[in-house]
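Q: Let me begin by handing over the structure; questions about it come next.
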Amino acid sequence: MSQPSENSQYVRRVVLPSGREIEVVYFDPQAAPVDSLAGPCPVQTDLHVCPQCDRTLVYPVEWEETSPTHWEVLLRCPNCEWTHVGVYPQAVVDRFDEQLDTGTEYLVDDLMRLTQANMEEEIERFSCALASDAIWPMDF
């Protein structure tokens, strides 16, 4: 979360790949006000929702920090192939990041359930093969 302080400082929380969280302090006495940034910020605040097909599948392809409080993000919808590059405030990007984290959790949960179901099926087939003497030492 980046927020300007009285001294034109911006603090941003960054999560490193190791999982460790650090705070980065930006000192910018000439910080650009939000209205003067290059390119208008789109009205869209739910970046995970595609404005073309209304699916919640949009993901970031590329992103780059444009200022201490804004990010330029290339978005893509895999459903309709919509893409868009826009500059978004930190709060909008943080909400998008939370949605991506939630989606990742759902995918991991589904993967775990699918893996469990596949393993149960394999064990059942192996048990049946053992019981019917269909497995020989040369099979190993």
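The values are calculated or read from the model by the stated rules, or taken from the named source; none is laboratory data. Remember, predicted model here, so these are calculated numbers, not experimental data. Don't worry about glycine lacking a Cβ; one is built from the backbone with ideal geometry, like all the others, and counts go over all protein chains shown.
Q: In the range 47-84, how many residues are modelled with pLDDT under 90 and either among the β-branched types (Val, Ile, Thr) or within 16 Å of the chain's Cα centre (by Cα) (or both)?
A: So the count comes out to 0.
Q: In this structure, does residue 132 turn out to be among the hydroxyl-bearing types (Ser, Thr, Tyr), farther than 30 Å from residue 66 by Cα and surrounded by 10 or more Cβ atoms within 10 Å (Cβ to Cβ)? Break it down into steps so the answer makes sense when it comes.
A: On the way: among the hydroxyl-bearing types (Ser, Thr, Tyr): yes; farther than 30 Å from residue 66 by Cα: yes; surrounded by 10 or more Cβ atoms within 10 Å (Cβ to Cβ): no.
So residue 132 does not fit the description; no.
Q: Can you tell me which of 129, 91 is outside any strand (DSSP E or B) and touching a residue at least 24 places away in the same chain (Cβ under 8 Å)? I'd like the intermediate steps shown before the answer.
A: Numbers: 129 fails: touching a residue at least 24 places away in the same chain (Cβ under 8 Å).
The conditions single out 91.
Q: While we're here: Look through 105, 120, 62, 124 and report the one residue that is in a strand (DSSP E or B), exposed (fewer than 14 other Cβ atoms within 10 Å of the Cβ) and either free of Cβ contacts under 8 Å to residues at least 40 places away in the same chain or small (Gly, Ala, Ser) (or both). Let's see the steps before the verdict.
A: Numbers: 105 fails: in a strand (DSSP E or B); 120 fails: in a strand (DSSP E or B); 124 fails: in a strand (DSSP E or B).
The unique qualifying residue is 62.
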